[in-house]
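Notes follow the structure.
The values are calculated or read from the model by the stated rules, or taken from the named source; none is laboratory data. Keep in mind that what you see is a predicted model, and the values were worked out from it rather than measured. Don't worry about glycine lacking a Cβ; one is built from the backbone with ideal geometry, like all the others, and counts go over all protein chains shown. When the accessible area is computed, the model is the full protein with side chains, heavy atoms only, and any ligands, DNA or RNA have been set aside. Shrake-Rupley method; radii C 1.70, N 1.55, O 1.52, S 1.80 Å.
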Amino acid sequence: MQDEKPRRSQAERRAETRKALLDAARALFVEKGYAETGTPEIVKRANVTRGALYHHFEDKPDLMRALVQQEAEAVAAEIASDTNTSQSPLDAFMAGASAYFSALSVPGRAKILLLEGPTVLGLEEMAEIDRKTGGATLLEGLQHSAAHGYLQDVPLEPLAELLSAAFDRAALEIANGADRSAYETATKTLLAGVLATK
């Protein structure tokens, strides 16, 4: 008698369906773009019913929101694993920048987070997601610098937004095949200049 496979719980089946939808949407949004992808294609690629899509997500923008959140959390986790408070402020920033560039080099991620996401969700919602994920790590880096005597009398949140825009631009260029080492050198110069503000 063959061993029966253990039956999956309802929660496991739900998680698998959700993952299948996110994976299918990710592949299609990267390949064709959000606007050119229809929900029937997503359902077909995920091999689930249309009802399953609407059980997990309100609509296509809600699916994109979940995908952006998933990708942003992965980026934040990579940055957090490569940085720590025992590093000097410049070393911590460079470790974070390098981790960010690596995380955004995952195929399709820069397109989702920096091009498609803002178009679909709008800049305000993307900024809110960023504040809770990768943007939070950047602000923590600035606060770490301030605790070491740098950036006195400099408003940290606006500075974080400006640096974030610079990092995003560099990440897009790197994801599109630009010389990463050149961007890392330029980033180090930029950050050293920022940290020269005592």
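So residue 151 fits all but one of (1) part of a helix (DSSP H, G or I); (2) on the phi > 0 side of the Ramachandran plot; what number is the exception?
Here residue 151 meets the rest and fails (1).
When both residues are 6+ apart or on different chains and their Cβ atoms are under 8 Å apart, which pairs have a first residue that lies in the range 173-198 and is touching a residue at least 24 places away in the same chain (Cβ under 8 Å), and a second that is of a type in the set (Lys, Arg) and crowded, with 16+ Cβ neighbours inside 10 Å?
So the pair list comes out as 174/180; 175/109; 175/111.
Given the residues 173, 125, which is the only one that is open to solvent by less than 70 Å² (accessible area, probe 1.4 Å), modelled with pLDDT of 90 or more, in a helix (DSSP H, G or I) and in contact with a Phe, Trp or Tyr (Cβ under 8 Å, 6 or more places away or on another chain)? Quick ask: steps written out before the conclusion?
Numbers: 125 fails: in contact with a Phe, Trp or Tyr (Cβ under 8 Å, 6 or more places away or on another chain).
The match here is 173.
For residues in the range 1-50 being in a helix (DSSP H, G or I) and of a type in the set (Asp, Glu), which is modelled with the lowest pLDDT? Give the derivation first.
Taking the range 1-50 and keeping what is in a helix (DSSP H, G or I), we get 10-32, 39-46, 50.
Those still in the list that are of a type in the set (Asp, Glu) too: 12, 16, 23, 31, 41.
Working: 12: 87, 16: 94, 23: 97, 31: 96, 41: 97.
Of everything passing the filter in the range 1-50, 12 is modelled with the lowest pLDDT.
I need a count of the residues in the range 21-33 that are open to solvent by 30 Å² or more (accessible area, probe 1.4 Å) and out of contact with any Leu (no Cβ under 7 Å at 6 or more places or on another chain).
Our first condition is that a residue be open to solvent by 30 Å² or more (accessible area, probe 1.4 Å); within the range 21-33, this holds for 23, 26-27, 30-32.
Among the residues that remain, those that are also out of contact with any Leu (no Cβ under 7 Å at 6 or more places or on another chain) are: 23, 27, 30-32.
Number satisfying all stated conditions: 5.
For residue 106, indicate whether it is in contact (Cβ under 8 Å) with a residue 12 or more places away in the chain and either farther than 18 Å from residue 77 by Cα or aromatic (Phe, Trp, Tyr) (or both).
Values: in contact (Cβ under 8 Å) with a residue 12 or more places away in the chain: yes; either farther than 18 Å from residue 77 by Cα or aromatic (Phe, Trp, Tyr) (or both): no.
It is false that residue 106 is in contact (Cβ under 8 Å) with a residue 12 or more places away in the chain and either farther than 18 Å from residue 77 by Cα or aromatic (Phe, Trp, Tyr) (or both).
Just a yes or no: is a residue in the range 97-107 at positive phi and open to solvent by 40 Å² or more (accessible area, probe 1.4 Å)? Even if it seems obvious, please write down each step before you answer.
Of the range 97-107, the ones at positive phi are none.
Within the range 97-107 (the criterion being at positive phi and open to solvent by 40 Å² or more (accessible area, probe 1.4 Å)), the answer is no, since none of the residues qualifies.
Could you tell me which numbered condition residue 87 fails, if it satisfies all but one of (1) of a type in the set (S, T, N, Q); (2) buried (at least 16 other Cβ atoms within 10 Å of the Cβ); (3) not in a loop (DSSP other than H, G, I, E, B)?
Unmet for residue 87, out of (1) of a type in the set (S, T, N, Q); (2) buried (at least 16 other Cβ atoms within 10 Å of the Cβ); (3) not in a loop (DSSP other than H, G, I, E, B): (3).
Would you point out which residue out of 91, 82 is closer than 18 Å to residue 190 by Cβ and either of a type in the set (D, E, K, R) or at pLDDT 95 or above (or both)?
On the way: 82 fails: closer than 18 Å to residue 190 by Cβ.
Step by step, each of 91, 82 is checked, and only 91 is closer than 18 Å to residue 190 by Cβ and either of a type in the set (D, E, K, R) or at pLDDT 95 or above (or both).
Kindly provide the set of residues from the range 180-197 that are in a helix (DSSP H, G or I) and not β-branched (Val, Ile, Thr), ordered by number.
Our first condition is that a residue be in a helix (DSSP H, G or I); within the range 180-197, this holds for 180-195.
Those that are in a helix (DSSP H, G or I) and not β-branched (Val, Ile, Thr): 180, 181, 182, 183, 184, 186, 188, 190, 191, 192, 193, 195.
Filter the range 35-73 down to residues that are open to solvent by less than 30 Å² (accessible area, probe 1.4 Å) and under 26 Å from residue 100 (Cα atoms) and give me whichever is farthest from the chain's Cα centre (by Cα).
The first filter runs over the range 35-73 and keeps only residues open to solvent by less than 30 Å² (accessible area, probe 1.4 Å), leaving 37-39, 42-43, 46, 52-53, 57, 63-64, 66-68, 71-72.
In the following step, the residues that additionally are under 26 Å from residue 100 (Cα atoms) were identified as 63-64, 66-68, 71-72.
Working: 63: 15, 64: 13, 66: 11, 67: 9, 68: 7, 71: 4, 72: 3 Å.
Checking each candidate, the answer is 63.
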